[in-house]
Amino acid sequence: MNKPISILLFVFMFFTLSINAEVGDTLFVSHDSLSSGRLYLSNYPEEIKWRYSEGDHASWASPEYNDCDWDLVDPWLDMQKFDYSNWKGICWFRKVIKIDTTLINTSIGIYIHHEGASEIFLNGKKILSFGKVAANRKDEITHDPKFAPYVLNFDTSMVYTIAVRYSNHSAERNEYFYNKFFSHLGFSIFIFDFNENIENNLLDYYKMLAYGWGVDGFTLAFSIIFFLLYLFYSKRKENLYFSLFIFGISLFGGTSNMQGMGPAPQGLEAFYRFLQFGGVSLTFTFFLLFIYQIVYKKVIKLFWFFLIAFIFVNIFAFVGSEGIFSYMMPLGIIIGIMAVESIRVFIVGIKRKVEYIGILSTGAGLFLFLILVGALLSYLLPQAILESVLGLMMVLTIVVLPISMAIYLAKSYAKTNDDLEEQIVAVKDLSAKQIEQERKNAELQLQAELERKENERKSIELEQARNLQLSMLPKEIPSLPELDIAVYMKTATEVGG
């Protein structure tokens, strides 16, 4: 590539990237930047600084107010990065945006999420209010609009000051609890082209809920069915492990969907996040137990290493000083090591020619493949396309592994039933042969008994005939002087008619 073309490309890329770039305190917004997707003004993907001051004064909403001496902060106010030691619970944020001519006399959409209460001003005029902003916890009424879209109307001006009057006294009640489950004091906000993207945003939201509840219903039904199978036949522990594995998926997805349904009390939100973190550990723990049971028919010693590691991470997540999701990295490392161990177990199963192990290994392979593809797409696709694509990818990723495990168990049950049917047929054949042999033995025994009875009868009759013959002989031999008399008699050996 020659030098002039390289320079032109560099200038073009610089100009393109500068459309949304923040120069000083002013953020430039164009029609193209909004129509291409969401334009985040805080916390994602890079921090965009706002002017910030603690306290409360009505003049701070005015675009003419000089806020040069205010601090520059990310309005998310991450408690791990933001010094909240002097936090008074009420503050103001200000941001100047400059629009191009295509946005004059148009409306843009805005989303905002926070744990406190807020009032939004556009060029000094209050346009939105969420909850009740107050200088103390008693008078404050918190409200999180979450996924509800709202509208900002531009007029003929090209420069606007967005001011946010904000209060959040939640951390004053229990700093440890709030830091653990929420870990931020401020808000996140993004804008989008209302006319072009509101329908797509709402459709994406409805798709997300539909996918989410569909997957949750699917996983929860599987969990209940296989848990009942274990209760009725407790020797097959793989049914229990599969049931608890898929229950962990349902637990994580269900609580995520509940969060998306709308505002909830902070205690309930914290409980959702507690279940989400625990659901991840539960899912991968019982997946490993499942494949150990399939390949080794027992729990091997290495499993206890993973279990102890999960227990330690969960304990530190709930008692450590940082927010609960700050511990996703060590949890992810354990899961990564566990994935390597799972591959090893699958290889052992294939070498041992474990029946239907190919079904499980295929499902696990597809699971890892979809995760890698999702990660790759997140870098390659633009934000507007990415969100709709990742929704389907997420569903496929979640269900592919449970489906392969369920297919394995179904095939295993079918094989067991086939073997049982063959054994029943064999037993029937054996029973028929045995009955015939017993019949023949009974006939032989009867014949022998008849012969024995006949012999007894003949012996009795012969003895009677002998006695009769002997009875006809004289008791004494006659004694005559002239004669020597001797006698001999042989009784009959058979009796005639």
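Of the peptides 129-136, 482-489, the order by per-residue mean of other Cβ atoms within 10 Å, starting with the highest, comes out as 129-136, 482-489. Counting only heavy atoms of the protein chains and using a 1.4 Å probe, Trp76 has close to 40 Å² of accessible surface.
From its DSSP helices (H runs of at least four residues, each -39,500 (n - 2.57)), the chain gives a residue-normalised ellipticity at 222 nm of -20000 deg cm²/dmol.
At a Förster distance of 25 Å, what's the computed FRET efficiency of Trp213 paired with Phe369, Cβ-Cβ distance as r, to 0.05? The computed FRET efficiency comes out at 0.45. In degrees, nearest 10, range 0 to 90: what is the angle between the Cα axis of helix 302-319 and the longest Cα principal axis of the chain? Helix 302-319 sits roughly 40 degrees off the main axis of the chain. Summing Cβ point charges (Lys, Arg +1; Asp, Glu -1) relative to the Cα centre of the chain gives a dipole of roughly 620 debye.
Just want to confirm a number: the relative contact order over the chain, from Cα pairs under 8 angstrom separated by 6+ residues, in percent. Dividing the mean separation by the residue count of the chain yields 11 percent.
Relative contact order, whole percent, for segment 38-131 stands at 29, derived from Cα pairs under 8 Å and 6 or more residues apart.
Out of the total accessible area of the chain (probe 1.4 Å, heavy atoms of protein only), what percent is carbon and sulfur? Ligands and nucleic acids excluded, carbon and sulfur give 64 percent. To the nearest 10, the accessible area of Glu421 is 110 Å² with a 1.4 Å probe. Straight-line cross-link partners of Lys207 among the lysines, defined as a Cα under 30 Å from its Cα and at least 8 positions apart when in the same chain: Lys146. Net charge of the neighbourhood of Tyr230, taken over other residues with C-beta under 14 Å away and scored Lys/Arg +1, Asp/Glu -1, is +2.
Round to the nearest 10 and give me the degree value, 0 to 90, for the angle of helix 194-232's Cα axis relative to the longest principal axis of the chain. In the chain, helix 194-232 runs at an angle near 20 degrees to the longest axis.
Among the lysines of segment 28-138, pairs that are 8 or more positions apart or on different chains and have alpha carbons within less than 26 Å of each other number 18. The alpha-carbon of Lys428 sits under 19 angstrom from the alpha-carbons of these aspartates and glutamates, leaving out residues fewer than 8 places away in its chain: Asp418, Asp419, Glu436, Glu438. With angles folded into 0 to 90 degrees, how steeply does helix 383-471 sit against the dominant principal axis of the chain? Use alpha carbons for both and round to 10. Tilt relative to the chain: about 10 degrees.
Normalised per residue, the accessible area of the chain is 58 Å², obtained with a 1.4 Å probe and no contribution from ligands, DNA or RNA. With both residues required to sit in the chain, DSSP beta bridges show an antiparallel share near 90%.
Shape class for segment 108-259, computed from the alpha carbon gyration tensor (a ≥ b ≥ c): oblate, with a/c not under 1.5 and a/b at or below b/c.
Ranking Val96, Val313 by solvent-accessible area of protein heavy atoms (1.4 Å probe, all protein chains present), from largest to smallest, gives Val96, Val313. Please work out the FRET efficiency for the pair Lys297 and Lys49, using the Cβ-Cβ distance as r and a Förster radius of 60 Å; give the result to the nearest 0.05. So the FRET efficiency works out to roughly 0.50. The order of Lys126, Lys95, Lys428 by accessible area, most exposed first and with a 1.4 Å probe, is Lys428, Lys126, Lys95.
The values are calculated or read from the model by the stated rules, or taken from the named source; none is laboratory data. Since we're looking at a predicted model, the values are computed, not measured. All Cβ positions, glycine included, derive from the backbone under ideal geometry; neighbour counts span all protein chains shown. Accessible surface is based on the protein model in full, side chains and every heavy atom, while ligands, DNA and RNA are left aside. Shrake-Rupley method; radii C 1.70, N 1.55, O 1.52, S 1.80 Å.
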